[in-house]
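Participant: Handing you this structure, nothing more for now.
The values are calculated or read from the model by the stated rules, or taken from the named source; none is laboratory data. The shown structure was predicted, so the numbers you read here are calculated from the model rather than taken from an experiment. Every residue, glycine as well, gets a Cβ built from its backbone with ideal geometry; the counts of neighbours run over all protein chains shown.
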Ligand SMILES: [Zn+2]
Ligand SMILES: [Zn+2]
């Protein structure tokens, strides 16, 4: 019965990390693993199970596009939830940026400008647009006019006699790009708040609210006032209030904790309202790798998750990859550096957000995965990595054991439990692991790297913490 349902495509969804349906998925994962040891007699049967249960999701990139068969239940959808336009401090028009993502093979994206949505009447001067361009080439306005034509582009003479251009609202431009099942735009905002440390000037707290209905005004700290985690928490609560009031799910993620060395792992751990943060942000100025004394984003992830799981009894943070692009005419704060792959049934906001809340997604700066399956009974995680030319892949199982020592010289937080080479990898979590996650690093560099020595990577979500 269960098998019949599965083979007909009405079986359990690909939520291998879902609490509710963990058992049925574990059976699937067992089959996935068993397949590799099956005698030839059963080969065709297992192949069928394998194809219908594990390969129903196909990665989609320009180079590796695989058509989605009609019988598929879930798909991998590629998206970026963090991008800036002329609506705040980005230097191109929303339509130009959106088209870049369409052409690059993304399935969804959100333009997330600072404390503003693309709505209402907003005009910008041609002078301002020119100044925002970092490279002297064909101007942003010229390119915009050339692509969309004078009938679409609205211009006027401003009060000071200078030329001005009206920015199109999301309501105006979304129909140029959106196609059901093909491309989706999520209305987004980068809530840009701040707090005052005990000494010194205000530091940034940036949180993306994706799939919002209306703007979420930032809640900012004052001198001698609330702590970083209190301000983060207050902003997450404001987002949750909008979700409760409208019934529309909002993906909220904390951004670039090391930007201006603003936030620590402890700050992130403390805010239990927050389920997501950026483990990779493509902006070259956000201190992704940390420095000699301060942890990078991956280490922050392990510290925060260890505190949450071991000391607070709370769920870990899930990690996203994003672009945070601002420049589109040269300059290195450009698009296409970081993204997420979400395994969902449909390319619709609620389906994507619910899949992410289950942990059914991974972050990437260049590596694609064909499958991730976690079996909570055997505590095995199995990955299949997509080929990428001649690239080879190293996967690391990373986590923290129950006996870690937060104050020791060797803390044991974010320990590399095991390493494996190749495109098909199966790891068993150590008995005493509080959780584990996998970082996959390719032997090749990204086309558009954000830091020195960067290799293409992917990051799967923490597993093994529910039991
Ligand atoms: Zn930011
Ligand atoms: Zn940003």
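Participant: Mind checking which residues of region 300-318 are touching a helix residue (DSSP H, G or I) at 6+ places or on another chain (Cβ under 6 Å) and closer than 12 Å to residue 274 by Cβ?
Facilitator: 304, 308, 314, 316, 317
Participant: So which residues in region 334-357 are more than 20 Å from residue 187 (Cβ to Cβ) and surrounded by 22 or more Cβ atoms within 10 Å (Cβ to Cβ), if there are any at all?
Facilitator: Result: 337, 338, 341, 343.
Participant: Test each condition in (1) under 22 Å from residue 229 (Cβ atoms); (2) away from ligand 1 (no atom under 16 Å from the Cβ); (3) outside any loop (DSSP other than H, G, I, E, B); (4) touching a helix residue (DSSP H, G or I) at 6+ places or on another chain (Cβ under 7 Å) for residue 342 and report the one that comes out false.
Facilitator: (1)
Participant: Report yes if residue 210 is touching a residue at least 60 places away in the same chain (Cβ under 8 Å) and either closer than 27 Å to residue 453 by Cβ or within 16 Å of ligand 1 (Cβ to nearest atom) (or both), otherwise no.
Facilitator: Yes.
Participant: Here is a follow-up. Would you point out which residue out of 387, 284 is within 16 Å of ligand 2 (Cβ to nearest atom) and either farther than 27 Å from residue 434 by Cβ or part of a helix (DSSP H, G or I) (or both)?
Facilitator: 284
Participant: Here's something else I'd like to know. Could you pull out the residue among 350, 299, 310, 304 that is assigned to a helix (DSSP H, G or I), under 19 Å from residue 107 (Cα atoms) and in the same structural domain as residue 105 (by TED's automatic domain parsing)? Explain how you work it out, then say what you get.
Facilitator: Details: 299 fails: under 19 Å from residue 107 (Cα atoms); 310 fails: under 19 Å from residue 107 (Cα atoms); 304 fails: under 19 Å from residue 107 (Cα atoms).
It is 350.
Participant: Within the set of pairs 6+ apart or on separate chains, which have a first residue in region 416-437 that is in a loop (DSSP other than H, G, I, E, B), a second that is modelled with pLDDT of 95 or more, and C-beta atoms under 6 Å apart?
Facilitator: Note: pairs meeting the criteria are 423/385; 429/379; 429/436; 429/464; 430/417; 432/401; 432/402.
Participant: Looking at residue 250, is it under 22 Å from residue 78 (Cβ atoms), free of Cβ contacts under 8 Å to residues at least 40 places away in the same chain and either away from ligand 1 (no atom under 16 Å from the Cβ) or crowded, with 21+ Cβ neighbours inside 10 Å (or both)?
Facilitator: Spelling it out, it is not the case that residue 250 is under 22 Å from residue 78 (Cβ atoms), free of Cβ contacts under 8 Å to residues at least 40 places away in the same chain and either away from ligand 1 (no atom under 16 Å from the Cβ) or crowded, with 21+ Cβ neighbours inside 10 Å (or both).
Participant: As an exercise: evaluate residue 398 against (1) surrounded by 15 or more Cβ atoms within 10 Å (Cβ to Cβ); (2) free of Cβ contacts under 8 Å to residues at least 24 places away in the same chain; (3) assigned to a strand (DSSP E or B) and give the number of the one condition it does not meet.
Facilitator: Exception for residue 398: condition (2).
Participant: Given the criteria away from ligand 1 (no atom under 16 Å from the Cβ) and assigned by TED's automatic domain parsing to the domain that holds residue 259, does residue 191 qualify?
Facilitator: Judged against the criteria, residue 191 is not a match.
Participant: When you check residue 272 against the structure, is it more than 12 Å from ligand 1 (Cβ to nearest atom) and within 20 Å of the chain's Cα centre (by Cα), yes or no?
Facilitator: Spelling it out, residue 272 is indeed more than 12 Å from ligand 1 (Cβ to nearest atom) and within 20 Å of the chain's Cα centre (by Cα).
Participant: Restricting attention to region 228-272, report how many residues are within 15 Å of ligand 2 (Cβ to nearest atom), within 24 Å of residue 187 (Cβ to Cβ) and part of a helix (DSSP H, G or I).
Facilitator: 2
Participant: With the condition kept exactly as written, say whether any residue in region 234-243 is under 24 Å from residue 287 (Cβ atoms) and without any contact (Cβ under 8 Å) to a residue 12 or more places away in the chain.
Facilitator: Within region 234-243 (the criterion being under 24 Å from residue 287 (Cβ atoms) and without any contact (Cβ under 8 Å) to a residue 12 or more places away in the chain), the answer is no, since none of the residues qualifies.
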